[in-house]
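Below is one structure; the comments refer to it alone.
The values are calculated or read from the model by the stated rules, or taken from the named source; none is laboratory data. All figures in this text were calculated on a predicted structure; none of them were measured in a lab. With ideal geometry, Cβ positions are generated from the backbone for all residues, glycine too; neighbour counts draw on all protein chains shown. Just the protein is used for accessible areas: all its heavy atoms, side chains included, with ligands, DNA and RNA removed. Shrake-Rupley method; radii C 1.70, N 1.55, O 1.52, S 1.80 Å.
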Amino acid sequence: MGQTKSKKSVSPGLHVQWESDYDSTWEEEDERPRKKKKNQEVRAKEQSSLVNCFAVDNHEEIHYSIPRHTPNLDFYQNKKPFKPNGVYIEELLSDWKFDYEKLERNHSYIQWLFPLREPGRNSSATPLTMDEIQMMRKDREVVRRFLNAYKLMLGFYGIELQDSDTGKLQKAKNWKERFHNLNNHSHNNLRITRILKCLGEMGYDHFQAPLVRFFLEWTLRDNYLPNVKRSVLDYFMFTVKNKQERRELVQFANENYKSHEPFIWGPEKKLSIYSSEKRTKNEERPTSRKKTDRR
């Protein structure tokens with residue numbers, strides 16, 4: 001998944017420029033060859049379809065089959081614990097909620113709470129399948145648990161979900177303590193990237209931009225979490241599926257970037273044009289208001 005190609009890892013000390021080959025954020029729709037992508041999507045859909053059709057005795061019959069191997073779905077349906085040496089999801093969501101030490105030190109649960117369609121470091125976890133995604137999105141209990149899993153990890157990082165409809169966030173009361181932990185345990189940057197990607201898989205695309213914006217504000221604008229900043233710029237921003245939201249995040253990052261090194265996460269010319277258009281729109285807004293009668 002993902003809307004951009006993986007960005008090259010670069011040293012902060014290197015003077016490099018943004019490269020279009022590694023970022024589709026600023027491409028217009030007519031600049032991309034869509035036919036090949038569409039055919040690939042069709043083939044993937046056909047291969048992962050839950051419907052198996054075959055002929056028996058010269059009569060066409062349709063058989064609906066559920067995949068036998070659905071470990072991620074089973075875990076979220078509270079049918080099996082995560083592996084290795086794990087617990088059921090209901091126990092995790094209730095008993096681990098404020099056990100920050102356990103959430104920090106245990107490295108097995110994160111791939112089960114936020115599965116992706118790619119293998120991770122936990123060899124006991126299984127990559128998410130398209131079949132599982134379809135079934136998990138339709139299961140109300142799974143959706144409820146997924147939202148609670150998101151809230152659990154937000155709390156671990158010192159963040160609260162202010163609005164479940166929009167994904168709007170705010171600092172938790174214990175944010176200073178949790179920010180300190182986040183800033184000093186870099187493996188959490190990988191966890192957050194995983195969470196962001198999984199939000200897109202599970203149909204919570206609209207939660208991605210608010211979370212990235214939150215981290216951009218606290219790393220670039222407010223100068224907290226210095227050890228998270230590079231991950232926000234290199235990875236967090238480019239997990240966002242909505243291209244327009246991704247552009248706005250990159251623009252916000254550019255406007256709040258304070259460094260003698262060049263801003264390499266977007267094209268300078270397009271960022272300048274985008275910023276100019278944004279200022280023009282903001283300036284035009286007051287003129288549309290009705291004038292009040294001051295007589």
Surface accessible to a 1.4 Å probe, Tyr235 within the full protein complex, Å²: 110 Å²
Euclidean distance of C-alpha centroids, region 76-113 and region 137-174, integer Å: 16 Å
Calculated from backbone phi, Karplus (6.51, -1.76, 1.60) coupling profile of region 72-85 in Hz, x at Gly/Pro: 5, 5, 4, 4, 6, 8, 6, 9, 8, x, 6, 10, x, 6
Mean Cβ count within 10 Å, highest first, over the residues of peptides 94-101, 146-153: 146-153, 94-101
Summed residue charge, Cβ within 12 Å of Lys197's Cβ, Lys/Arg positive, Asp/Glu negative: +1
Phi-based couplings in Hz for region 167-179 (Karplus 6.51, -1.76, 1.60; Gly and Pro marked x): x, 4, 10, 8, 5, 7, 4, 9, 4, 4, 5, 6, 4
Amide hydrogen neighbours beyond the local backbone of Ile159, cut-off 5 Å, H modeled: Ala172
